[in-house]
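To keep things clear, I will list the structure first and then write my remarks on it.
What follows draws every value from the coordinates through simple rules; no lab data is involved. It should be emphasised that the depicted structure is a prediction, and the values quoted were computed from it without experimental measurement. Heads up, the Cβs are rebuilt from the backbone with ideal geometry, glycines too, and the neighbour counts pull from every protein chain shown.
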Amino acid sequence: MKLQFLCLPWVLCLASLATAAEEPHSAAELRAAYARKSAELAQSPLKRPVLLTSAELPQGLQGDIYAVVEQPLEAVHAAFNSPLHWCGVLLLHINNRRCQATSAGGQHQVTLRIVRRYDKPVEDAFELPFVFRVAQASPDYLQVHLRAESGPLGTSNYRILLEATQLDAKRSFLHFSYSYDQNTMVAMAVQAYLATFGSSKVGFTELGKLADGQPAYIAGTRGLVERNAMRYFLTLEAFLSANSDEARREAWFSAIERYPRQLHEVDRETYLALKRADAQQRTAPP
């Protein structure tokens with residue numbers, strides 16, 4: 001079991017990068033989904049028009065976020081239809097240290113390098129190569145897929161789906177979905193970690209109230225998925241909200257600190273210093 005615990009932080013980081021088993025929508029279907037969910041969005045416990053769902057599947061974990069963002073669809077298109085821009089999005093996450101966008105033979109790839117903890121050197125990172133594809137792009141709809149067939153430590157079938165449609169001239173409706181598969185060893189290691197060292201970690205779904213009246217949040221693997229889903233949704237929002245790397249980093253950190261019970265890891269200066277140092281190393285001449 002010692003080996004499983006040593007490997008586990010890699011798995012926890014990876015869990016934030018996979019895509020859900022839900023089928024993509026058409027533009028009309030996504031707008032219909034907004035109509036069905038509009039009352040829930042208005043009353044979301046997250047105090048904003050964001051709905052987060054999670055599920056534990058026979059072979060892995062799944063997360064979905066539906067949200068209204070205060071950006072026109074034109075801005076969403078410009079931000080997320082490029083593999084290079086996705087590197088900018090993914091690098092906002094504290095554990096993501098390097099990213100390279102490449103194209104060859106008509107195929108685009110986004111290769112992400114991830115460390116198991118933010119304070120580990122980038123030399124210890126593993127690579128996760130995603131095939132990037134814009135499945136649909138029209139004036140009223142965008143659908144983007146990223147997929148990695150295999151990952152380290154018994155994980156596989158990583159997929160990211162982002163789709164968006166226009167609500168009006170200033171707002172868009174987004175669906176962000178992810179899932180990944182894991183073998184039995186990984187599933188057992190995750191369960192063991194969350195029952196011991198990770199037992200204090202929770203997600204966002206409220207299961208009831210504690211004796212002191214505070215919310216009782218979901219924990220375990222569902223809590224894990226919900227934390228990761230929110231972190232990555234907030235990278236999308238932060239990338240949309242600003243035009244510079246530094247402003248996006250500030251926006252992402254401010255956003256996660258709105259949910260300290262679930263998402264706080266480090267102080268602002270530690271996060272910003274790490275990202276600035278990474279950026280300098282990426283741009284330094286060989």
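At 7 Å along Cα-to-Cβ for each site, give me the label-to-label distance between Ser138 and Val122 in nm.
The two pseudo-label positions are separated by 4.1 nm.
Summing +1 for each Lys or Arg and -1 for each Asp or Glu, what net charge is found among the other residues whose Cβ lies under 15 Å from the Cβ of Met230?
+2
Given the peptides 247-253, 55-61, arrange them by the average over their residues of other C-beta atoms within 10 Å, most packed first.
Working: 247-253: 19.7, 55-61: 15.6.
Most protected by this proxy first, the peptides run 247-253, 55-61.
Holding the Cα-Cα limit at 29 Å, pick out from Lys47/Lys170; Lys37/Lys120; Lys170/Lys275; Lys120/Lys209; Lys209/Lys275 the pairs that are longer than that.
Values: Lys47/Lys170 20 Å; Lys37/Lys120 41 Å; Lys170/Lys275 31 Å; Lys120/Lys209 37 Å; Lys209/Lys275 38 Å.
Listed pairs above 29 Å: Lys37/Lys120; Lys170/Lys275; Lys120/Lys209; Lys209/Lys275.
Which GluC sites (Glu not before Pro) in segment 65-172 sit in a loop by DSSP (not H, G, I, E or B) and have at most 16 other Cβ atoms within 10 Å of their own Cβ?
Qualifying residues, ordered by number: Glu70.
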